[in-house]
Structures are given as structure tokens and as C-alpha cells.
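Take a look at the structure below.
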Amino acid sequence: MGIFFAKKKQPSRVTEQDKAILQVKQTRDKIKQYQKKIEQSLEKERLLAKELLKNGREDRALLLLRKKKYQEQVLTRADGQLENLERMVHDLEFAQVEMKVVDGLKTGNTALKQLHALLSIDEIEKVMDETREGIEKQREIDEILTSTFAVEEEIDESEIEAELDALTEADINEKAPEIPKDVLLPDVPKELPEEEKSRTKEKIQEPIAVMA
Amino acid sequence: MAEIEWPWQYSFPPFFTLQPHADTRAKQIAAWKSLVLEYYRITKQAVVDVREIHTNSLFNNTSINRKLPSEAVLVILEELGKSGNASPLDKTKQRWLVYWHTLEEWGDIIYNWAQENGFIGSVCTFFELTQGEDTSEQEFHGLDTEVLIRSLKTLEAAKKAEIISFDDNQGVKFF
């Protein structure tokens, strides 16, 4: 197979297989031509038989029809052979495609082998071990850093929360009396619902501010 | 075989006599050239035999009783040869091949067909190309084998195809 493809690069790119395909195709063409010939003579004989019948020569017409029948049989046989030849051509062409596939796989395989030759297992193991060590070290560092921070945060949070609670309460107390003053101008019935809304808004906003 | 639409010159008697005046003659020859190519395109013929031209309605207009003399036919064929549309088949220049596409154009047309139909890398017989069912819609269907071989040779020179010929097998492989 290697020889087959190496040959293609040289002046003559026609292979033995190509010649075989050509020969088969040529035979197919000959059968096709033969069929054309028979078809034409069939048509002629049919007309001739009609003519003979008109002239009352039934015996000759019968003879012609018998000949016609025989030729039709030949035609169907030729059709079968034609099919065989066509299949042969397809098989040959497909075999060539398969060869190309195998060749492609071979090239890929050698390329892969060359790449593998560059990488030794020991080296990879060493690299992997070192990487693993590095990752572990990193994890240790991370653990140390996160643990110290966590302790501080816990303490901070409880204190901060308490402080914030105090602040928010003071805030609400401060703001509550102020709101009626601002909203006094509009109509009286709208007073109560607006007060509630503004309070809930403040409550939602405050925790966000803390988190940040 | 489709009927050709004759140009007005065809029924103009002086058209069948080679004109002495240079300018007129050039125009006359140009008109003949395109008429010859058109005629051969429509009738799908390829060979001109100078000895038999008058059996052909192209050089013999029976309705006005005019024939183009064979010397004039030769002049026209020589002119066609200069533009790559004809070439003599023998040394005495009695038989000529006429191609209404130049050989390079034919080569391109066939190669384009091969490309569009996935015939690159496969083998085709000449019969398949000019008579096969796959090409019945193509312009080169019914093309003269000699013209086909010559146009394939232009493809061969361009490394796009290779003609295979052994024993009595003839075919072409496209690349």
C-alpha cells in the first residue's frame, strides 16, 4: 500500500487499480453499446412484424416475434451482467478509498508515536509528582490563610452585628418622627401606608450596606 | 440535430466568393469563421473534409445556387487555426478538426464537470464522458473523440488529468 501511494507522486499517477477500473468500465460501455444495438433492432422488428401481420403473413410475423423474444432475454441477461460490472467498479473504487483511510490512519499513528517518543513515562511521573506536591503546598498555604481569617471574622461579625443593630434602631427612631414632617403636606389618608413603605425600604437597604 | 439559423450573409451570393478588397475580405472571413463554428456547434460535428465540403449545406447553399470554393474554405480554416479553433488532421490539410470551444476551454469545461460530480481521483472512459448518462446534460456530450483527447491533453499538461491508454483501453483519470 505504501508503494501504491508513493507511486502516485511520480510522473505517472495512474495505478494498476486504475487500469483495472478502466478495463471494467470499458467492458461496461461495450455492454451498453450492445444493449443499444439490440434495443434498436427490437424496435425495427416490432414494426416489421406489424407490417407482416397487415399483409397477412402471420407465420413470418410469428418467427420475428420469436426472435424478438430471444433478444429480449439476451437484453435482460446483459442487464444482469451490467449490474455485476457496475458493482465491481464500485467495489474497486471503494477499496481505493479504504486504502486511503488505512494510509491516513498509518500517518496519524506514526505521528502519534513520534510524539510519544518525546515524552517518557518517568519524566511525566516526575512532573506529576512535583505538581501534586506543589498543589498540596498551595492547599496548606490556603488553609492557614483562610483559618486565621475565619477566626477574626467570627469575632468581628458578632460585634459588628450588635453595633449595627444598635445603629439601625437609632436610625429608625431618628427617622420615624421626621417622616411625618415631610409627608405632612400631601393628603392625610396617604400618610400611614407611606410611612410603612419607607421603613421597609430602609430595613432592606441596611443589611445590604452591612454585607458590603 | 437542431436546425441552424442562417445569418443574412448566407443568402447573399457574394459571400460565397472570396472578396479581393482587403477590408471586405477580413469582414467576410470573420463572418465565415463564426458561421462555421456555429454550424459545427449546433450539428455537433468536428471534422471538415475539404474534398467533401459540397455535400454539406454549410458551404453549399442550394437555394441561391452558390458554393464556396475549397480554396476559400482552406483560407477560413487557416484563420480558425490561428485562433485555436481548428487544426489540420493530416499534412496535406485536407481534413481538419474544428472546435467551437478552444481545446483549453474544453479542458476546463470537462474538468469543472469532473470536479462538480466528484470524479476527481477516478477513472472515466471516453465513452462515459461523451456518451454516458452522467453527461447527457453537458455541452461535451457527443463531442468528437479526437477533440476530447486533445482537450484532455491540455489538462494533462496542467497536471489535472492523465490519459490512460493500454491495449485497446482508453480512459482518463482526473486529479
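Part of a helix (DSSP H, G or I), within 14 Å of chain B (Cβ to nearest Cβ) and farther than 30 Å from A:Tyr34 by Cα: is that true of A:Val97 in this structure?
yes
Evaluate the range A:64-80: report whether one residue or more is within 14 Å of another protein chain (Cβ to nearest Cβ), closer than 29 Å to B:Ser165 by Cα and surrounded by 13 or more Cβ atoms within 10 Å (Cβ to Cβ).
no
Taking A:Lys106 as the residue in question, decide whether it is more than 14 Å from chain B (Cβ to nearest Cβ) and either within 32 Å of the chain's Cα centre (by Cα) or of a type in the set (A, V, I, L, M) (or both).
Answer is yes for this residue.
Check off (1) of a type outside the set (Val, Ile, Thr); (2) open to solvent by 60 Å² or more (accessible area, probe 1.4 Å); (3) closer than 20 Å to B:Ala46 by Cβ for B:Phe126 and give me the number that stays unchecked.
(2) is the only condition that B:Phe126 fails.
For the range B:139-150, which residues satisfy the criterion of being on the phi < 0 side of the Ramachandran plot, part of a loop (DSSP other than H, G, I, E, B) and open to solvent by less than 60 Å² (accessible area, probe 1.4 Å)?
B:Phe140, B:His141, B:Leu143, B:Asp144
Just need a number here: residues in the range B:164-175 that are under 15 Å from B:Phe127 (Cα atoms) and either out of contact with any helix residue (DSSP H, G or I) (no Cβ under 7 Å at 6 or more places or on another chain) or part of a loop (DSSP other than H, G, I, E, B) (or both).
Count: 2.
Rundown of residues vs (1) touching a strand residue (DSSP E or B) at 6+ places or on another chain (Cβ under 6 Å); (2) aromatic (Phe, Trp, Tyr); (3) surrounded by 18 or more Cβ atoms within 10 Å (Cβ to Cβ); (4) at pLDDT below 90, yes/no style:
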| residue | (1), (2), (3), (4) |
| --- | --- |
| B:Val48 | yes, no, yes, yes |
| B:Asn61 | no, no, yes, yes |
| B:Glu71 | no, no, no, yes |
| B:Ser87 | yes, no, no, yes |
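So which residues in the range B:116-137 are farther than 16 Å from A:Lys32 by Cβ and in contact (Cβ under 8 Å) with a residue 24 or more places away in the chain?
B:Phe119, B:Ile120, B:Gly121, B:Ser122, B:Val123
Taking the condition surrounded by 10 or more Cβ atoms within 10 Å (Cβ to Cβ) and modelled with pLDDT of 90 or more, does A:Asp103 pass?
Criteria met by A:Asp103.
Within 14 Å of chain B (Cβ to nearest Cβ), open to solvent by 40 Å² or more (accessible area, probe 1.4 Å) and not β-branched (Val, Ile, Thr), is that true of A:Gln114?
Judged against the criteria, A:Gln114 is not a match.
Based on this model, can you work out whether A:Ala20 counts as under 20 Å from B:Phe166 (Cα atoms), part of a helix (DSSP H, G or I) and within 14 Å of chain B (Cβ to nearest Cβ)?
Against the criterion (under 20 Å from B:Phe166 (Cα atoms), part of a helix (DSSP H, G or I) and within 14 Å of chain B (Cβ to nearest Cβ)), A:Ala20 qualifies.
Name the residues in the range B:138-162 that are more than 20 Å from B:Tyr99 (Cα to Cα) and without any contact (Cβ under 8 Å) to a residue 24 or more places away in the chain, would you?
Result: B:Lys159, B:Glu162.
Which residue out of B:Lys93, B:Lys153 is surrounded by fewer than 18 Cβ atoms within 10 Å (Cβ to Cβ), in contact with a Leu (Cβ under 9 Å, 6 or more places away or on another chain), outside any helix (DSSP H, G or I) and away from every other protein chain (no Cβ under 11 Å)?
The unique qualifying residue is B:Lys93.
What single numbered condition from (1) out of contact with any Asp or Glu (no Cβ under 7 Å at 6 or more places or on another chain); (2) open to solvent by less than 100 Å² (accessible area, probe 1.4 Å) fails to hold for A:Glu130?
Every listed condition holds for A:Glu130 apart from (2).
Mind listing whichever residues of the range A:25-59 are over 27 Å from A:Glu83 (Cα atoms), surrounded by 14 or more Cβ atoms within 10 Å (Cβ to Cβ) and either within 14 Å of chain B (Cβ to nearest Cβ) or not small (Gly, Ala, Ser) (or both)?
Listed by number, the residues that qualify are A:Leu48, A:Leu52, A:Leu53, A:Arg57.
Looking at this structure, is B:Ala22 open to solvent by less than 20 Å² (accessible area, probe 1.4 Å), farther than 17 Å from B:Tyr99 by Cα and of a type in the set (Gly, Ala, Ser)?
Answer is no for this residue.
Each row is one residue, and each column tells you yes or no for (1) in a loop (DSSP other than H, G, I, E, B); (2) more than 11 Å from chain A (Cβ to nearest Cβ); (3) touching a Phe, Trp or Tyr at 6+ places or on another chain (Cβ under 6 Å); (4) not small (Gly, Ala, Ser).
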| residue | (1), (2), (3), (4) |
| --- | --- |
| B:Leu74 | no, yes, no, yes |
| B:Ala114 | no, yes, yes, no |
| B:Asp134 | no, yes, no, yes |
| B:Glu162 | no, no, no, yes |
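Of the conditions (1) in contact (Cβ under 8 Å) with a residue 24 or more places away in the chain; (2) at positive phi; (3) not acidic (Asp, Glu), A:Met99 fails just one. Which one is it?
Only one criterion in (1) in contact (Cβ under 8 Å) with a residue 24 or more places away in the chain; (2) at positive phi; (3) not acidic (Asp, Glu) is unmet by A:Met99, namely (2).
The values are calculated or read from the model by the stated rules, or taken from the named source; none is laboratory data. Note that the coordinates shown come from a computational prediction; the quantities given were computed from them, not determined experimentally. Cβ atoms come from the backbone with ideal geometry, glycine included; neighbour counts cover every protein chain shown. Just the protein is used for accessible areas: all its heavy atoms, side chains included, with ligands, DNA and RNA removed. Shrake-Rupley method; radii C 1.70, N 1.55, O 1.52, S 1.80 Å.
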